[in-house]
Amino acid sequence: MKVNVLRLDHRIGRDARITTHVCLTSRAFGASKVFLSGEEDKHLTESVRNVVERWGGDFEVEYRKNWEKLLEEWKNSGKEIVHLTMYGEPVQEVTTKIRESPKDKIVVVGGAKVPTEVYKEADWNVSVTTQPHSEVAALAIFLHTLFEGKEYDLDFKGEKLKVLPTAHGKRVLTGKHE
């Protein structure tokens, strides 16, 4: 099962930091790709691609102006839609069912206001608590739960930078590490 992420309604200037964090979290927690909708932000897309170039892996980022068409294509190809919202079924109660389905997933994280169509099209509306909080936090918790913590052991092939865990200080290897 491949997992992709759709970030709705990106706004240049206002959302650059949060959308970047959606991309970085998606990559670090095991997603294969992020689709960005809203305003096209070539600088942000290039910045994320630069991270992948330096830190490795096969992660992709792609702009899609029409998120409705993307979700329609997704559904029509037999894949599944997971929408992260505070109004959905509790993550701890529904993730096992989501994981048991071998179909590829697209995880939708909202912007300013999520259109009703997203709720209707989703195979699962999933809540990570029923309180307002960050879509980045919800995404991280959902992916961690979905992958059962296996994202801790991901190998990012072709990295030029690699952090070596240490209790104090910073240890970073530079160059190719396969």
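The values are calculated or read from the model by the stated rules, or taken from the named source; none is laboratory data. Keep in mind it's a predicted model, so treat the numbers as computed, not measured. Here the Cβ is made from the backbone with ideal geometry for all residues, glycine too, and neighbour counts use every protein chain on show.
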Of all residues in the range 102-116 being surrounded by fewer than 12 Cβ atoms within 10 Å (Cβ to Cβ) and in contact (Cβ under 8 Å) with a residue 40 or more places away in the chain, the one that is farthest from residue 66 (Cα to Cα)
102
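Table: residues versus (1) farther than 25 Å from residue 145 by Cα; (2) more than 15 Å from the chain's Cα centre (by Cα); (3) of a type outside the set (A, V, I, L, M).
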position: 5; (1), (2), (3): no, no, no
position: 19; (1), (2), (3): no, no, yes
position: 29; (1), (2), (3): no, no, yes
position: 41; (1), (2), (3): yes, yes, yes
position: 56; (1), (2), (3): no, yes, yes
position: 68; (1), (2), (3): yes, yes, yes
position: 82; (1), (2), (3): no, no, no
Consider only pairs whose beta carbons are under 7 Å apart and that are at least six residues apart or on different chains; among these, list those whose first residue lies in the range 129-156 and is at positive phi and whose second residue is surrounded by 14 or more Cβ atoms within 10 Å (Cβ to Cβ).
129/86
Just name the residue that is surrounded by the most Cβ atoms within 10 Å (Cβ to Cβ) out of those in the range 122-178 that are among the β-branched types (Val, Ile, Thr) and closer than 17 Å to residue 99 by Cβ.
126
Of residues in the range 41-97 being among the hydroxyl-bearing types (Ser, Thr, Tyr), in a helix (DSSP H, G or I) and out of contact with any strand residue (DSSP E or B) (no Cβ under 6 Å at 6 or more places or on another chain), the one surrounded by the most Cβ atoms within 10 Å (Cβ to Cβ)
95
Considering only the range 28-39, state which residues are farther than 17 Å from residue 67 by Cβ and in contact with a strand residue (DSSP E or B) (Cβ under 8 Å, 6 or more places away or on another chain).
30, 32
Restricting to the range 101-112, name every residue that is out of contact with any helix residue (DSSP H, G or I) (no Cβ under 9 Å at 6 or more places or on another chain) and under 23 Å from residue 61 (Cβ atoms).
103, 112
Matching residues in the range 124-178 (in a loop (DSSP other than H, G, I, E, B), in contact with a helix residue (DSSP H, G or I) (Cβ under 7 Å, 6 or more places away or on another chain) and within 13 Å of residue 85 (Cα to Cα)) number 1
Condition set closer than 24 Å to residue 15 by Cβ and of a type in the set (D, E, K, R), scope the range 94-148, selection modelled with the highest pLDDT: answer is 105
